[in-house]
Protein chains: 2
Amino acid sequence: MTITITAFEQSPDRGKGLARDMPVRWALEEVGQPYTVRPVSFGAVKEATHRTRQPFGQIPTYEQGDLVLFESGAIVFHIAEQHVGLLPSNANARARAITWMFAALSTVEPPIVDRSIATLFERDQPWYDARLASIEGRLRTRLDELSIRLGDADWLDGSFSAGDLLMVAVLLRLKLSGILDEYPRISAYVARGEARPAFQRAFAAQLAAFNESCAG
Amino acid sequence: MTITITAFEQSPDRGKGLARDMPVRWALEEVGQPYTVRPVSFGAVKEATHRTRQPFGQIPTYEQGDLVLFESGAIVFHIAEQHVGLLPSNANARARAITWMFAALSTVEPPIVDRSIATLFERDQPWYDARLASIEGRLRTRLDELSIRLGDADWLDGSFSAGDLLMVAVLLRLKLSGILDEYPRISAYVARGEARPAFQRAFAAQLAAFNESCAG
């Protein structure tokens, strides 16, 4: 059965791979599953038709036969469960990989998204500097802890897993901030993720979609 | 094999059931699994011994034999996978229930936690009112969307699942704010969660732990 995902017709990040279809594309490439993309506009994503698939009016969604899923974390997990390549076969190692999926989204991502919201929407406020310093304090605590746990390992727990995929996708949002330069181990970890052929294919696909939308 | 979880020796919410051991206790009660609790102090949670189990210095953790997990979402999922009662047996319904687990933690919880951080740490700032209004705007958008999707159903997708467990646990953090009063469907949904015997047993256990810590 064909897998169809939704993505923004014209990604607001202009093809930098930061939209949330990217981890889903990457996961599908890691497990070698073809997919089609239904592009949706910023307007259409908030309309009733799309909300039947995604009640919060976001991308991506995942459809295969009768199954409709949303939330990039849940979609990556579904792909990882259905196909070999993103979760270890050993039961305990698998549970730990899933732990890192949740850690990426619940513990590491929130201060990163807070930082994005502040830089996008609060930059003109008189309290912007104080607010940014507070967010970056919380963020650096998380990055310090992540760097210590990662140590000199290539990946968070044994082989590359869906946990690493989501963690790298979350950390990539910091790439332009310069903050990752303070964390050589985390920078090298993110670079290892980006160097994976599956990441490269996914990145090229979302960039091509953005370029087509501009040319069209 | 015995299940051991960690929880704060003296919960900062004074037994209101808002600490993150609560969803784990609730899940274990739903599936009828006994567990023991290793209490940790605010200081010990940041020390090296605890960080071998939880690299971000938080509670809860979950230990069973050789397996050590952290992240309440991942632990609830592990419990749901190992035992009957928290995930549907139908494959598509199971994938949708997992989607709601991620939606609770990745989409609904972030503005709720932002609101808690602001009310706890930013109340004395001159920009507190503006900041709170901005957070509550984002939060109400999510609650509007959740209320529409829930409609008149008892639970988010068929029977009660781990997705509902995490969503109710997340929404409970708003209970004292009064915001849920604006959303009768969501309030009734949260009340249905709280009325479950397994919730009641978990709540009583964490409250008893808090009361003992005060008496001790």
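All of the numbers you see were taken from the coordinates with simple rules; none came from a lab. Remember, predicted model here, so these are calculated numbers, not experimental data. Don't worry about glycine lacking a Cβ; one is built from the backbone with ideal geometry, like all the others, and counts go over all protein chains shown.
Dipole magnitude for the range B:91-196: about 240 debye, using +1 per Lys or Arg Cβ and -1 per Asp or Glu Cβ, origin at the Cα centre.
Seen from a random direction on average, the alpha-carbon convex hull of the range B:100-188 projects onto 5.5 square nanometres. Taking label points 7 Å from Cα along the Cα-to-Cβ direction, B:R51 and A:D13 give a separation of 2.9 nm. Taking the axis that rotates chain A onto chain B, the chain A residue nearest to it by Cβ, with the distance rounded to whole Å, is A:W127, 2.
Average projection, convex hull of the Cα set of the range B:1-133: 9.9 square nanometres. In nanometers and ordered shortest first, the copy-to-copy spacing of the B:R14 label point, defined 7 Å from Cα toward Cβ, is 5.3. With the simple spin-label model, which puts each label point 7 Å out from Cα in the Cβ direction, the B:T36 to B:A215 separation comes to 2.1 nm. Against the compact-protein benchmark of 2.2 N^0.38 Å, the Cα-based radius of gyration of the protein assembly as shown scales to 0.95. Within the straight-line cut-off of under 25 Å between alpha carbons, the lysines reachable from A:K175 are A:K16, sequence neighbours fewer than 8 places apart in one chain being disregarded. Across the identical copies, the label point of B:Q200 (7 Å from Cα in the Cβ direction) is separated from its matches by 6.1 nm, in order from shortest. Using a 7 Å projection from Cα along Cα-to-Cβ, the label point at B:D129 is separated from the same position in the remaining copies by 2.4 nm, smallest value first.
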